[in-house]
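Notes for the one structure printed next.
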Amino acid sequence: MNIKWDANKYTEDFSFVPKYGNSVIALIDADKGSSVLDLGCGNGALTKALKDKGYLATGLDASGELLDIAKEKYPDIDFIQGDATDFTLSEPVDVVFSNAVFHWIDQDRQKNMLRCVHEALKKSGQFVFEFGGHGNNQKIHGALKRAFSEYGYCYEMPFYFPTIGAYAALLEKTGFEVHFAVLFDRVTELKGESGLKDWIHMFVKTPFSIVQTEQEKAEIVDKAAEALRNDLFINGKWYADYVRIRMKAVRL
Ligand code: BEZ
């Protein structure tokens with residue numbers, strides 16, 4: 001994963017992330033009692049939603065800080081610390097579910113993650129997921145790129161946002177059959193007057209490692225946010241230009 005989480009702020013200010021995940025859970029077609037792995041479970045909000053649906057839910061995440069929150073909030077759920085691109089389960093599961101995670105994994109590590117998921121699933125098991133798809137946050141990253149270049153820096157895009165075609169090909173190569181795929185816009189309201197700047201500070205960390213001073217960092221974020229005001233500040237609220245890729249595949 002390309003991030004070190006500020007776990008408490010994420011849990012408090014970005015609760016829309018798991019909120020939207022409930023409609024992804026609805027794609028699962030499995031009996032109550034089926035085993036479901038929540039891959040990249042974060043603070044466990046959706047692992048709990050899976051449990052409430054009657055599934056035997058387990059969460060896996062790399063972040064010890066987020067898992068501490070998950071374990072404290074949901075002590076009756078099993079949470080495992082692990083890397084989504086390098087994990088094995090003691091028993092295969094009926095379903096692997098994931099929300100808002102895979103864009104954090106570099107393109108060249110995606111096949112490792114898909115191999116782990118394939119191994120973790122029973123034959124005919126379901127793989128149901130959503131993450132940032134092609135064109136996700138294009139306006140925000142475009143504005144950051146222009147602000148970086150004004151300060152003489154090159155903006156390295158830290159996320160992987162594939163098309164349906166590219167991701168379906170990866171899935172098929174790994175031994176999955178794609179049953180459902182959709183790419184759709186989901187303009188998303190951000191919290192508070194500094195919503196867009198807070199979003200950038202929370203989620204866009206690695207490109208700023210080359211920026212030399214804290215003052216320059218702050219100026220770049222200010223410039224990008226001001227450049228986006230016309231497009232993304234609507235009726236007194238900030239929005240992010242999300243695009244989602246949502247898929248369901250079955251292990252052959
Ligand atoms: C997303 O959920 O699409 C996303 C969130 C933060 C950074 C990048 C993508």
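The values are calculated or read from the model by the stated rules, or taken from the named source; none is laboratory data. Remember, it's a predicted structure, so these values are computed and weren't measured experimentally. Counting neighbours? That spans all protein chains shown, and the Cβs are built from the backbone with ideal geometry, glycine included. To get the accessible areas, we keep the full protein, side chains included, count just its heavy atoms, and leave off ligands, DNA and RNA. Shrake-Rupley method; radii C 1.70, N 1.55, O 1.52, S 1.80 Å.
For first residues located in the range 154-169 and open to solvent by less than 50 Å² (accessible area, probe 1.4 Å), partners that are at pLDDT below 95 and within 14 Å of the ligand (Cβ to nearest atom) and lie 6+ apart or on another chain with Cβ distances below 7 Å form the pairs Pro158/Asn2.
Is it true that Lys217 is under 24 Å from Glu130 (Cβ atoms), at pLDDT 95 or above, of a type in the set (Lys, Arg) and open to solvent by 50 Å² or more (accessible area, probe 1.4 Å)?
no
Residues in the range 88-103 that are open to solvent by 10 Å² or more (accessible area, probe 1.4 Å) and under 22 Å from Pro158 (Cβ atoms): Asn99, Ala100, His103. Checked against (1) among the β-branched types (Val, Ile, Thr); (2) closer than 30 Å to Lys111 by Cβ; (3) away from the ligand (no atom under 16 Å from the Cβ); (4) out of contact with any helix residue (DSSP H, G or I) (no Cβ under 7 Å at 6 or more places or on another chain), Thr163 passes all but a single condition, namely (3).
Considering (1) under 16 Å from the mean Cα position of the chain (by Cα); (2) within 13 Å of the ligand (Cβ to nearest atom), the lone condition that Asp198 does not fulfil carries the number (1).
Table: residues versus (1) within 16 Å of the ligand (Cβ to nearest atom); (2) farther than 25 Å from Gly33 by Cα.
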site: Leu89; (1), (2): no, no
site: Glu119; (1), (2): no, no
site: Glu130; (1), (2): yes, no
site: Lys139; (1), (2): yes, yes
site: Leu144; (1), (2): yes, yes
site: Tyr151; (1), (2): no, yes
site: Tyr155; (1), (2): yes, yes
site: Phe180; (1), (2): no, no
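Per the listing Leu60, Leu67, the residue uniquely outside any helix (DSSP H, G or I), buried (at least 17 other Cβ atoms within 10 Å of the Cβ) and without any contact (Cβ under 8 Å) to a residue 60 or more places away in the chain is Leu60.
Any idea which residue in the range 104-117 is farthest from the ligand (Cβ to nearest atom), counting only those that are open to solvent by 20 Å² or more (accessible area, probe 1.4 Å) and either free of Cβ contacts under 8 Å to residues at least 40 places away in the same chain or of a type in the set (Phe, Trp, Tyr) (or both)? Across the range 104-117, the extreme among qualifying residues is Asn112. Does Gly135 fit the bill of being more than 12 Å from the chain's Cα centre (by Cα), within 12 Å of the ligand (Cβ to nearest atom) and at pLDDT 95 or above? It is true that Gly135 is more than 12 Å from the chain's Cα centre (by Cα), within 12 Å of the ligand (Cβ to nearest atom) and at pLDDT 95 or above.
Cβ contacts < 7 Å: first residue part of a helix (DSSP H, G or I), restricted to the range 195-206; second residue basic (Lys, Arg) and more than 11 Å from the ligand (Cβ to nearest atom), any location; separation 6+ or different chain. Result? Taking only residues 6 or more apart or on different chains, the pairs are Met202/Lys9. Is it the case that Tyr160 is of a type outside the set (A, V, I, L, M) and in contact with a His (Cβ under 8 Å, 6 or more places away or on another chain)? Answer is yes for this residue.
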